[in-house]
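Taking it in order: structure first as structure tokens, then the write-up.
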Amino acid sequence: MSQLATSRRLLDRFAHQIVVVVLTNAAFIVCSAQANESEPSNDPVINELIKQLADDSYATRTIASQKLLELAEADANSALAIETQLAFPNDQNPSLESALNRLRLRQLIVIRRQERLLDQFLTSPTNPEAQPPGWDIFREHAGSDYDARRVFVKILQRDRRFGERLLIAEPPNDRTRSFAATLDGQHLATFDTIRWSMLLVRGCEQTDASQDIRQQQAILAVLRSEGLGPLLIHDSEQRVFTRLLESYLCHTQVNLEDRLCIAMRYGCEQLVETDCRRVLNSVSEPPPRLTVALLAIANQRKEIDHDSTLQLAEWLQHYRSDQRVAYVWRAMHPTRKVLRTEVRDVALAVEIARRGEDPRDFGFGSLQAHPRLGYQPYTLGFETEADRQQAHRSAW
């Protein structure tokens, strides 16, 4: 994303936040005025049921609560009248039990209304009145299809104010850190895909001023560690998580190896392809990034079309003569020695593996496996130039 586009996006977001704050304050003032001038409902049925909430009989109170709930679900105007009466009772000194009954019933009415709106959001996505707060931001990163809407609904069922928090970007403070603590990647369950989705979309929306570097590093450490991180089971959640992860990696500063390994682990094939193409087609990339890109693209293209295989062969042919040193590594096994890994050594190892042979048979005696790249790039080297020349002559 260009710097100009980023600036315009931030300005649009800032303007949107101002509108949200102004409308929220206006709504609060209107509601406060209505509260100060609240009068009993004109519906005698509602008035009578409200009075029965303070009745001495438990059965009477229970029946009244159920009837009020049914009236609120059947008609929006009745729901508003009931909520107003429950929030501002006429009796000046209500009992504790009566006050708790009113609060519980009012909360239940609000929850039921939100559930109906979420159902409408799933079935009628084009209806602007059914779109919950924060959806426009969420779909920028997760898409707007049915799978994305389902995940967003599940998020709001976990945390009803999550969408509202996305609308306002805040710098790190005690309140935001407290909220972030509930979304700590190191303590989230592997099957809790919804919490992981909340964590990623929140990270996508953090600006430079609001980023928590320690939490960002912890998230990346968990995502790149095999055996940790989310375990994706359902296909729909996996598709949405993949989109969120691609967006998160694009909004986060992360080195190329971690970026590619995380993307390969969770099926972000387009991101891996784009990054590797950019690196391998560049004339100014440093040698370590070239070696990582060669290994990543070779492992992703094991079972793809013939044209892509030819392109990989062209890259290997191009870098087979690149003598720049990428790594210097002190090996401890089987004996202590210093290995120097050049770009052409990694290209050679990739070519040998593509033929179905073992690079160890061609002199890569210190080779170590890598769960995503196939081989640790710094182990694909030689102790002496004579060993290197012999391996290249026998393999090429």
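The values are calculated or read from the model by the stated rules, or taken from the named source; none is laboratory data. The structure presented is a predicted model; accordingly, all values stated were derived computationally and were not measured. Cβ sites come from the backbone with ideal geometry, for glycine too, and all protein chains shown count toward neighbours.
Worth a mention:
- The listed residues are Tyr327, Tyr378, and the only one of them that is within 26 Å of Tyr266 (Cβ to Cβ), within 34 Å of the chain's Cα centre (by Cα), at pLDDT 90 or above and buried (at least 16 other Cβ atoms within 10 Å of the Cβ) turns out to be Tyr378.
- The test for being free of Cβ contacts under 8 Å to residues at least 12 places away in the same chain and not acidic (Asp, Glu) does not hold for Thr291.
Yes/no per residue for (1) surrounded by fewer than 20 Cβ atoms within 10 Å (Cβ to Cβ); (2) touching a Phe, Trp or Tyr at 6+ places or on another chain (Cβ under 7 Å); (3) assigned to a helix (DSSP H, G or I); (4) acidic (Asp, Glu):
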| site | (1), (2), (3), (4) |
| --- | --- |
| Leu249 | no, no, yes, no |
| Arg259 | no, no, yes, no |
| Met264 | yes, no, yes, no |
| Gln270 | yes, no, yes, no |
| Asp275 | no, no, yes, yes |
| Glu285 | yes, no, no, yes |
| Thr291 | no, no, yes, no |
| Leu295 | no, yes, yes, no |
| Thr309 | yes, no, yes, no |
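- Cβ-Cβ under 7 Å pairs, at least 6 apart or on other chains, the range 100-115 side closer than 18 Å to Val153 by Cα and in a helix (DSSP H, G or I), far side among the acidic types (Asp, Glu) and modelled with pLDDT of 80 or more: none
- The set of residues in the range 137-159 being of a type in the set (Phe, Trp, Tyr) and within 15 Å of Val201 (Cα to Cα) consists of Phe138, Phe152.
- Selection count, the range 147-161, where residues are exposed (fewer than 15 other Cβ atoms within 10 Å of the Cβ) and either without any contact (Cβ under 8 Å) to a residue 40 or more places away in the chain or assigned by TED's automatic domain parsing to the domain that holds Val110 (or both): 2
- Scan of the range 357-375 for residues that are under 37 Å from the mean Cα position of the chain (by Cα) and not hydrophobic (A, V, I, L, M, F, W, C), ordered by number: Gln368, His370, Pro371, Arg372, Gly374, Tyr375
- Count of the range 130-149 residues which are of a type outside the set (Lys, Arg) and part of a helix (DSSP H, G or I): 11
- In the range 53-70, the residues that are among the acidic types (Asp, Glu) form Cβ pairs under 7 Å with partners that are part of a helix (DSSP H, G or I), at six or more places apart or across chains, as follows: Asp55/Arg61.
- Hits in the range 310-327 (condition: touching a residue at least 24 places away in the same chain (Cβ under 8 Å) and farther than 19 Å from Ala296 by Cβ): Val325
- When restricted to residues that are outside any helix (DSSP H, G or I) and either at positive phi or surrounded by fewer than 16 Cβ atoms within 10 Å (Cβ to Cβ) (or both), the range 338-358 contains 5.
- Considering each residue of the range 60-72 in turn, at least one proves to be outside the structural domain of Leu167 (by TED's automatic domain parsing), modelled with pLDDT of 75 or more and farther than 27 Å from Leu117 by Cα.
- Meets criteria (over 19 Å from Leu280 (Cβ atoms), in a helix (DSSP H, G or I) and modelled with pLDDT of 90 or more) for Arg388: yes
- Test for Gln389: is it under 23 Å from Cys261 (Cβ atoms) and either surrounded by fewer than 18 Cβ atoms within 10 Å (Cβ to Cβ) or of a type in the set (A, V, I, L, M, F, W, C) (or both): no
- Per-region count, the range 117-129, residues over 18 Å from Arg161 (Cβ atoms) and either without any contact (Cβ under 8 Å) to a residue 12 or more places away in the chain or part of a helix (DSSP H, G or I) (or both): 9
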